[in-house]
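> Have a look at this one before I ask anything.
The values are calculated or read from the model by the stated rules, or taken from the named source; none is laboratory data. Because the structure is a prediction, the values reported are computed rather than measured. Here the Cβ is made from the backbone with ideal geometry for all residues, glycine too, and neighbour counts use every protein chain on show. What goes into the accessible areas is simple: the full protein's heavy atoms, side chains included, and nothing from ligands, DNA or RNA. Shrake-Rupley method; radii C 1.70, N 1.55, O 1.52, S 1.80 Å.
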Amino acid sequence: MTPSIRPRRLRSSAAWRRLARETTVTPAQLVLPMFVREGTSEPLPIGSMPGVVQHSLDSFRAELHRAATAGVGGVMLFGVPEQKDARGSGATDPQGILNVATRIAVAELGDALVVQTDLCLDEFTDHGHCGVLDAEGRVDNDASLERYREMALAQAEAGSALLGLSGMMDGQVAAVREALDAAGRTDTALLAYAAKYASAFYGPFREAVQSSLEGDRRTYQLDPGNRREGAREVALDLAEGADIVMVKPAMSYLDVLADAAASSPVPVWAYQVSGEYAMIEAAAAHGWIERERAIDESLIGILRAGADAVLTYWAIEAAERAVRA
Ligand code: PBG
């Protein structure tokens, strides 16, 4: 018997494979996360994320221009403040580093890139948690919502187009939407980190933002075993008015991502997190995998699972390669 059905026909040449490809990376689907550090005149390397730095304001400007030239869709900004306190005052201070960086990005490249900001207290709190603490030292959900509302107004005021709600407090999307609308900020969009899991893959990020966290975030981030609960969190954030929902991390949660992509009426994004970046860079540095192929395959996998866009530290490089391909 010889087979009459031969899928290999469409794989037989590079030209065929290019034509038959179902999923490709386009620059506009990539969002670059960036760390901006207060009080430094030089960019500072992040040891566990080779190629990623804590930016000075000058290196930040230069990188923004590189991102725009490469055609990436947007940038997600994180601040690394000099001072931290219990309520994360730097997050709501108009002169706080994240708000300063946002104004720079919007002024210089707000037409070319969608400027986005992390809306979470952990970079600004001395205890490192994503919210404020109650008298017993537990993360106080509703008191944290009050801080998020203030932070949202500060970020909208600075010009952020899209607020990344990454704190995993219950009701955060509704609370922030209400605060923005009451202030007339109806154009500011909300990216809900809807299904954000308590993940070991955030490890290098903690170095990147010099996190003060002791302990973990398991009372607010999702348990890695829970797929149904991920879907529930997505549904809740949609009901609260999220403009975009996100799954995070990406690679170990592609089932959760595919569920969201199948049901969501709004765009679904994924965050390829610091540990996913570090793993590929480290293996490649040892010569154990082909670096560029592994990066591209990791992004294709996330897009194929259903992401409409991906936050990735390789955004510029992957965008440049996608254009050449
Ligand atoms: C919280 C936040 C985190 C990341 C993005 N936003 C850290 C955390 O939840 O512990 C992780 C991103 C990454 O690992 O690349 N502000």
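> Measure out, as a whole number of angstrom, how far apart the alpha-carbon centroids of the range 5-42 and the range 80-147 sit.
So the two Cα centres are separated by 32 Å.
> Determine ³J(HN,Hα), in whole Hz, for all residues of the range 31-39 in sequence, where each value follows from phi through the Karplus function 6.51 cos²θ - 1.76 cosθ + 1.60 and θ = phi - 60°; x replaces Gly and Pro.
10, 9, x, 9, 10, 10, 9, 6, x
> Which percent of the accessible heavy-atom area of the chain goes to carbon and sulfur, probe 1.4 angstrom?
Ligands and nucleic acids excluded, carbon and sulfur reach 51 percent.
> Starting at the first residue of the range 131-138, write each ³J(HN,Hα) from the Karplus equation 6.51 cos²θ - 1.76 cosθ + 1.60 with θ = phi - 60°, in whole Hz, x for Gly and Pro.
Ordered by residue, 3J(HN,Hα) equals x, 8, 9, 8, 4, 8, x, 8 Hz.
> Please give the peptides 94-100, 7-13 ranked by average Cβ packing (other Cβ atoms within 10 Å per residue), highest first, as a rough proxy for protection.
Highest-to-lowest ranking by the protection proxy: 94-100, 7-13.
> Near the amide H of LEU119, under 5 Å away, which other amide H atoms are found, from residues 5 or more places off or on another chain, if H is placed in the peptide plane?
Long-range HN contacts for LEU119: GLY164, LEU165, SER166.
> Turning to a different aspect of this structure: Sorted by mean Cβ packing within 10 Å, highest first, what order do the peptides 17-23, 283-289, 207-213, 221-227 take?
With the highest mean Cβ count within 10 Å placed first, the list reads 207-213, 221-227, 283-289, 17-23.
> Sort out for me the Cα centre separation of the range 236-290 from the range 160-235, rounded to whole Å.
With the range 236-290 and the range 160-235 each reduced to a Cα centre, they are spaced 13 Å.
> Once every DSSP H run of n ≥ 4 in the chain is given -39500 (n - 2.57) and the sum is divided by its residues, what mean residue ellipticity at 222 nm do you get, rounded to the nearest 500 deg cm²/dmol?
Helices in the chain give a 222 nm mean residue ellipticity of -12000 deg cm²/dmol.
> Name the long-range amide H neighbours of GLN54: under 5 Å, sequence gap of 5 or more, or other chain; modelled H, no Pro or chain starts.
The list, which skips near neighbours in sequence, is LEU44, ILE46.
> Quick one: which residues, 5 or more positions from ALA194 or on another chain, have an amide H under 5 Å from its amide H? H modelled 1.01 Å from N in the peptide plane, none for Pro or chain starts.
Counting only residues 5 or more places away or on other chains, the set is MET246.
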